[in-house]
Amino acid sequence: MESKLQVYNSLSGKKEIFKAINAPHVGMYVCGPTVYSEVHLGNCRTFISFDMIFRYLTYSGYKVRYVRNITDAGHLENDADEGEDKISKRARLTELEPMEIVQKYTLDFHNVLALFNNRPPSIEPTATGHIVEQISLAEDILNKGLAYESNGSVYFDVDAYNKEYDGAYGELSGRKVEDLLSNTRALDGQSEKRNPADFALWKKASPMHIMRWKSPWSDGFPGWHLECSVMSSKYLGNHFDIHGGGMDLKFPHHECEIAQNKALDGKKPVNYWLHTNMLTLNGQRMSKSTGNTLLPGELFTGDNDKLSKAFSPMVVRFFMLQAHYRSSLDFSSNALEAAEKGFNKLMDALAVLNELEASEDSNGFELNTWVEKLHASMDDDFNTPVLIANMFDGVKYINSIKHGDATISSSDLELLKSTLSAFIFEVLGLKPEEEISTSGNDELVNDLMQIILDSRMRARQSKDFASADRIRDLLADLNITLKDGKMGAEWEVK
RNA sequence: GGUCUCGUGGCCGAGUGGCUUAGGCAUCGGUCUGCAAAACCGAGUACAGCGGUUCGAAUCCGCUCGAGACCUCCA
């Protein structure tokens, strides 16, 4: 399969031509959320970015198997209750079953992503559903001599791994084990490790720990990084195309994942590592401890003190796509408001496009060049901001045709329609805002509006502008905006 | 402290050696309109600072200042 697509590979630090291992099939794994609290907007940005990537690969003709996990167990929490994982801690506090927490926030996660018009992944495996496989991988690494058991826990032996594979640990993050040693703080179980850089494959559970499973070593739970190694290889094979996640997961999570997969046969598990950048709020990193955070629900209702008003999911999605996925992006009211106007302009143009009449031939625009530019911008490491900039050239053309300053042939009109809607709906995953409901009586409202507009038109024709303006003002009070055109007035609810 | 990234016009945000004054929003002027709105046309303001490489740098190198990420769960 011929591909012009270039992607930035974190492993090499360069843009590389994308070549699928088994084209047209593509395997893509993305680290999903830990479902112990509501997803915040930063999480959403990552998943929207990968949704866009998933969509463009699909649009480009690839058959993508997109695997994104749900972490519902196993992540240690670093505070007073050391050794207890996040899920069970939250469960204890609220006196719920761990799986009740998991269920609640998994549903929340799915609901929010659906509002953002994300497509669901092909497979969404859970960590707790793959305990057997995780134990099995830990055994394999033990048998290979690259892990050791200590007091019921199993640790990955970074030194042994580095000797076996020529210092491979750190290949993704650029870290050196020597640098890590002096900076590692005292964690629970540190004394059980031979080396501070070693990380747990299996952890013995304390008596208080609710979530626990039997293993050859102890009643316990899987280590921090094991689930992704297991689930990616189970569903995509030992060698697959794309692995993604937020930048903050690069180290140690993804570094450890590589080590775990590579431990068995020394072969690199993933060809292209893609990392998305962080979202900040008013210039500051989102953080629950400082209160500088925003939940999707607060955004959609405007019920927060960070933003001046509510913003719809599609405006937020458009806003995020106006920045490149590898750039950090700052969230603010001003920026959102600007994006909202731009989004509406784009959607208005799409509506105009559907009403356009074709001419004998086209002039005033290089349509084929424009179509190529749209593809080229996405082929350049999914450069959605440039794509959107190019789309606005098409918007100008559309409006010019409407005003009679340019023309378009019927075949070009079809090409323009199909191309623009494909990029807006399929690739960017945008959709028009929900029409404001008029009590399910749209036809009646339309007819009534026609009567109102007709009487206003008569007033204007008889130069009774006072009456015409009065009608316009009264409608404006109802949030109805009029646009006078050659073919009569149009109206819309704002 | 260590590793790394970034600093673009009023705001957001592309662009990585020699026309991109990308694009969106905002501002100003014009066209259209009875007046508006919308749309279209035109305009302006920029590359953190200093020094270096080069015929030529926003783009490469060095330093300074500033911001951020990771080093510990984190999208």
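Tabulated data
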read-out: When residues of the range A:58-101 are limited to those that are among the hydroxyl-bearing types (S, T, Y) and surrounded by 17 or more Cβ atoms within 10 Å (Cβ to Cβ), the one modelled with the lowest pLDDT; value: A:S88
read-out: Positions within the range A:18-55 being basic (K, R) and part of a helix (DSSP H, G or I), in sequence order; value: A:R45, A:R55
read-out: The range A:99-108: number of residues that are in contact with an Asp or Glu (Cβ under 8 Å, 6 or more places away or on another chain) and of a type outside the set (D, E, K, R); value: 4
read-out: Meets criteria (assigned to a helix (DSSP H, G or I), assigned by TED's automatic domain parsing to the domain that holds A:W224 and away from RNA strand B (no atom under 16 Å from the Cβ)) for A:T58; value: yes
read-out: Residue in the range A:418-432 that is within 30 Å of A:T58 (Cα to Cα), in a helix (DSSP H, G or I), touching a residue at least 24 places away in the same chain (Cβ under 8 Å) and of a type in the set (F, W, Y) present; value: yes
read-out: Residue satisfying all of: in the range A:445-470; within 9 Å of RNA strand B (Cβ to nearest atom) and among the aliphatic types (A, V, I, L, M); surrounded by the fewest Cβ atoms within 10 Å (Cβ to Cβ) among these; value: A:A466
read-out: Helices (runs of 4 or more DSSP H) contained entirely in the range A:82-183, each with at least 2 residues that are under 20 Å from A:W213 (Cβ atoms); value: A:86-94, A:98-115, A:131-143
read-out: Selection within the range A:217-270 - farther than 18 Å from A:F156 by Cβ and either more than 25 Å from the chain's Cα centre (by Cα) or within 11 Å of RNA strand B (Cβ to nearest atom) (or both); value: A:D219, A:G244, A:G245, A:G246, A:M247, A:D248
read-out: A:P207 vs. criteria part of a loop (DSSP other than H, G, I, E, B) and either modelled with pLDDT under 85 or under 35 Å from the mean Cα position of the chain (by Cα) (or both); value: yes
read-out: Set A:I388, A:I424, A:I408: member being of a type in the set (A, V, I, L, M), over 32 Å from the mean Cα position of the chain (by Cα), within 16 Å of RNA strand B (Cβ to nearest atom) and surrounded by 13 or more Cβ atoms within 10 Å (Cβ to Cβ); value: A:I408
read-out: Residue in the range A:339-366 that is farthest from A:K431 (Cα to Cα), counting only those that are buried (at least 19 other Cβ atoms within 10 Å of the Cβ) and touching an Asp or Glu at 6+ places or on another chain (Cβ under 9 Å); value: A:S362
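The values are calculated or read from the model by the stated rules, or taken from the named source; none is laboratory data. Quick caveat: nothing in here was measured; it's all calculated off a predicted structure. Note that each Cβ is placed from the backbone with ideal geometry, even for glycine, and that neighbours are counted across all protein chains shown.
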